[in-house]
Structures are given as structure tokens and as C-alpha cells.
Amino acid sequence: ESNHEKYRPLFHYSPPSGWLNDPNGLVYYEGEYHLFYQYYPHKNEWGPMHWGHAVSKDLVNWDHLPIAIAPDHNGMIFSGSAVVDWNDTSGFFGGNAGLVAVFTHSDTYPNTIYEKGAYVIDGKTITERPRQRQSLAYSTDKGRTWTMYEGNPVLVDVELIDFRDPKVFWNADTNRWVLVLAVDDHVRIYTSPNLKEWTFASEFGAKMGSHAGVWECPDLFELPVDGECENKKWVLIVSIGDNSEFPEGSRTQYFIGQFDGVTFTSDLEQEEILWMDYGRDNYAGVSWSDVREEDGRRILIGWMSNWKYANQTPTTGWRSAMTIPRSLSLTQTSEGIRLISEPVEELTGLRGEPATNLSGTVLSGDRLLAGLSGNAYEIEVEVEWKDVKEFGLKVCQSDREETVIGFEAESSFLYIDRTRSGESSFHEMFPCKHGAEVQTDGKQLKLRIFVDQCSVEVFANDGRVVITDLIFPDSSSNGVSLYSRGGDVLLNSFVYYPLKSI
Ligand code: FRU
């Protein structure tokens, strides 16, 4: 513990050193989950992007591997995806299966056609026009080494500046690869027989959902509603970049609808916005490709930060981590079909012996839990009430600091308050309280809470509402307490599990 780096998570993936942002190239192949990620190894700030790499057999324990893909003459390596090319449609694998990465090459070129004026980055006028093009790399050795395709780039549009983050999947109905791309204020869909030649299919979204920032990192997949295979829907996930006008910064919305192999159509009203997470720190999340059919899960991991302050968080030598992986599903609610995110079940393998078990007790006023130490734990709690104003938990608590996970019963509002959570002077908008309404069936609430050095993830009522937040408490602030105001609550169950380090 004593030589543990300040704020370094114990059970979330974080880079060995340097800077991390989006998860990339998520693919399951030959018993391994691959996690590539936007990586700048030389400094803990965003810089010329590489793909860092880690693998895991269980989505929990990760092995760091060497950098997978580095910038070349076509530019930096921005976000993208990876697939197993099972039938060697690309011809890269001599008839066998192999991994293909599809990503954005980002560079600039002399400003010949950019007429809208100069492009300003960090106060400097750029006379070179930014350019984003989609490229391929392939691997014949389970992702250990990668070869750039000599025909790069494979998808270009000289008119467009924001043209990035390809997410590819195989569509068995049409016998085609499908690529979803973020293009400024909408997504475009392209199809291909071989990953090398792409045909424009359709576009979606310019007039739909949130346009609080540029659209980034889309993902498109099908899920059954309440597990019923006759009733499937397509989900389109879109991350929304930071716009300084909005306190929320960057965040992730989703649409539910149909996809016929060419066009995605949303079931939502034009102005309806659905958020995947109500916290500030779950961005650019996408899902694993090629997860075994018998497993059937759609598993997503996000970057646990926010462009509003991502470059300023108070860590030294390394910066940023991923969220815990979440299993996604759809459920019918009284308001419509909604996306559910639950912690992957493998995480229960990290649990140590329960340190506190208050199941079956009544909570009235404040109760500090005795004898807890450590900053990596899970709390599972089921609460029932008749008449109460508010109740909740305080985690990472000391005389000076606390992070509140509270529930205002009348409005059914669940929130995280990180205004006193610890170090927060690095950005004026970091200290804040935010959350969402939780539909409760009767007067009951179920929470699973994961705390890990510099983060809190709250899953309410089996993943109906999720709040993911960074916090930067002192490592000595490891108190946990419970409170109720204006009434009592019954703790049907309350268990605190210390979680093991990965
Ligand atoms: C999202 C993003 C992507 C881009 C990458 C660059 O966080 O802005 O759109 O590909 O980060 O690192």
C-alpha cells in the first residue's frame, strides 16, 4: 500500500504510464478479450495517438502488452474497432481467420480547399487542414503484432473534417460488413464485402437527439427486449463531445430503433434524448465484437473521464482509467424501451469476505460504519421505506471530505454529490451534484456501488440508472456512513465487500 501511486485504481484498467482515452478495437478472440485504447506513452496529456493494448481472459484481470499500432506517414492513430475476419474476406490471412483493426488516421494537409477560415487549435492558427481517413491494420498472431495495410486509407471524404471512429460488425443477413462512422453532427453507415472497399449506405441523426457537441465513437448492435428473441431492437450509441457551454461536458446518448442492413431508423421522438449514464465520467464507450455466441452478452467499457477536464485531473505519471465493463440489455418500461447497464458478473470474483453486514436492520439518522479501511470496495444495498425525505451513503469520508450517494424520496432523484469529494481545484466545474430520477416499484431501491481510489460507479435497480463519477479524495478518507433524514428506512440488505487488486 505505502508505495501505491496516488489515485491509481486497484480494479479498473489504467495505463502503465502516460495518457489514456477511448477504448478501441474491443474484440474477443481465442479466449482473450482485447482492450486497445487511445494512448500517448510519453506524457500524461493527450498527444500523438497510438493504440495501447491489454488482454484479459475474464474482463477483470488485465495484462499490459506493448503498443499495438503507432503513428505512421498517414498520421496519428485515432479511435476505431477490431473484428475477427473469420472467412478471410479481406484476403489478409491466406484462408484462415485473423484480426482486422479499422481506425482513423488523423493528420493535416496544406490548406487548399478549406475555405471556411483558419482552424485554431490551442490558440494557434493552423494553416494545414485537419484530415481524418479510415485505415486498416491486421494481425495473424492474436493481436500481438500488427501490419499496416499497404492500401491505406480505405475510406476518405475530402470535404469533411470530423470523419472518424469507425465501428465495424459483420451483418449475416446481408453478408456484408457494416461500418458506422461519426461525421460531425450525424453518423454515416457504409457497407463492404471485404473491409477494403466501402460503399456509402445511409446517414442518421442530424436532426435527432442531442447536438450539444460533435458526434463521436458510435456503436450499433441488436439486443432482445427483456430477453425475448422474437422481439429485438437495434441500439445506436453516440458519444457527444464537450461543448464549453454545457456543465456536463462530454457524455453518451443512445437511440433505439431498426436497422435493415442499410438504414438505421429511430423509434424515438425527434427531440427525445436518452443518456446511457447520468454521471460525468463515462465517455466514448463501445462494445466488444465477436463475444462467443453461447455467451451472448453485449459488453461495453467506457473511458472514465470527461473532455472538460480530462487533461487536468490530479494524477502524476499516468492519467485516466476505463470504467468497469458493463453488460448491456434492453427492457420495456412504462416510458418506453430503455438500455440497462450492469456490472459484468466476473467482477464478483474480486470480492473479499464481507466486512460489514447490516442486513435486516433499521436505519434512523446517521450511522458511521466501524472498522473499515481500504479504498477499493463494493457495496450492495436494498432499502425499503414508508415515509422518508432522503437517505443515502457517504463514501470516501473523513472530517474534511465526503462523496454523497443520496436519494430524495419524494422526487425519486438519485444523485452523486462530489462538491466535497476531495481535490477538485483543477477545474471549476468538477465540484457538482447530479443524477437522475429512478423509477421505483413500490418504495424500494437497490444499489450496487463500486468505489476504487478515484471513482464511484452507482448502478440503481439492476442497471436502470447508472452514475459514473471521478473523485479525488485523500487515501485516508476511507470512512463509510449511512444516513436517513425525515424518517427511517429498512435495510433489507447491506453488504460491504472489500475488492481485491488486479
Ligand atoms: C473521443 C475522441 C475521438 C477520437 C479520439 C482521439 O474521445 O475525440 O473522436 O478518435 O478521441 O484521441
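Things to note:
- Highest mean first, the peptides 256-267, 459-470 sorted by other C-beta atoms within 10 Å per residue fall in the order 459-470, 256-267.
- Interchain or long-range residues, amide H under 5 Å from Ile502's placed H: Phe11
- Shown in residue order for region 48-57 are the 3J(HN,Hα) couplings computed by the Karplus curve 6.51 cos²θ - 1.76 cosθ + 1.60 at θ = phi - 60°: x, 7, 10, 9, x, 8, 9, 10, 8, 8 Hz (x for Gly and Pro).
- Mean separation of Cα contacts under 8 Å (6+ apart) over length of the chain, as relative contact order %: 14 percent
- By the rule of a C-alpha distance below 20 Å, with chain neighbours fewer than 8 residues away ignored, the aspartates and glutamates paired with Lys386 are Asp366, Glu408, Glu410, Glu437, Asp441, Asp488.
- Distance from region 177-202 to region 300-345 (C-alpha centre basis), Å: 25 Å
- In this calculation the C-beta distance from Glu159 to Ser493 is compared with R0 = 45 Å, giving a FRET efficiency of 0.20.
- Working note: Karplus 6.51/-1.76/1.60 with θ = phi - 60° gives region 386-397 the couplings 10, 8, 8, 7, 7, 8, x, 10, 10, 10, 6, 9 Hz, where Gly and Pro are set to x.
- The distance linking region 352-369 with region 212-285 is 37 Å (Cα centroid to Cα centroid, whole angstrom).
- Taking region 183-240 and dividing mean pair separation by its residue count, relative contact order in percent (alpha carbons under 8 Å, at least six apart): 30 percent
- Residue by residue, region 278-287 carries 3J(HN,Hα) couplings of 9, x, 9, 10, 9, 10, 6, x, 9, 10 Hz when phi is fed to the Karplus relation 6.51 cos²θ - 1.76 cosθ + 1.60 (θ = phi - 60°); x denotes Gly or Pro.
- Extension gain (nm, one decimal) between Asp267 and Lys6, 0.36 nm per residue minus Cα-Cα: 89.4 nm
- Take the Cα of Thr333, step 7 Å toward its Cβ, do the same at Val362, and the gap between the two points is 3.2 nm.
- Ranked by how many other beta carbons lie within 10 Å on average, peptides 373-381, 278-286 from highest: 278-286, 373-381
- Only one residue of Thr331, Gly261, Val154 has its Cα farthest out toward the positive end of the dipole of the chain, where Lys and Arg carry +1 and Asp and Glu -1 on Cβ, and that residue is Val154.
- Placing R0 at 25 angstrom, the Cβ-Cβ distance between His42 and Arg144 gives a FRET efficiency of 0.65 after rounding to 0.05.
- Carbon plus sulfur fraction of accessible area for region 339-401, probe 1.4 Å, in percent: 43 percent
- For region 38-74, backbone nitrogen atoms closer than 12 Å to the point 7 Å from Asn96 Cα along Cα-to-C-beta are found at no residue.
- Cα-projected label distance for His73 with Asn87, points at 7 Å along beta-carbon direction, nm: 3.5 nm
- Of all accessible heavy-atom area on region 253-313, the percent that carbon and sulfur account for (1.4 Å): 41 percent
- With a simple spin-label model that places each label point 7 Å from the Cα along the Cα-to-Cβ direction, the separation between Leu65 and Asn243 comes to 3.9 nm.
- Accessible surface computed residue by residue for the chain, with neighbouring protein chains in place and a 1.4 Å probe, gives 40 Å² per residue.
- Distance violations [Cα-Cα > 19 Å] among Lys6/Lys43; Lys308/Lys500; Lys233/Lys443; Lys57/Lys500: Lys308/Lys500; Lys233/Lys443
The values are calculated or read from the model by the stated rules, or taken from the named source; none is laboratory data. Owing to the predicted nature of the structure, the values given are computational and were not obtained by experimental measurement. All Cβ positions, even for glycine, are placed from backbone atoms using ideal geometry, and neighbour counts span all protein chains on display. Accessible surface areas use protein heavy atoms only, side chains included; no ligands, DNA or RNA. Shrake-Rupley method; radii C 1.70, N 1.55, O 1.52, S 1.80 Å.
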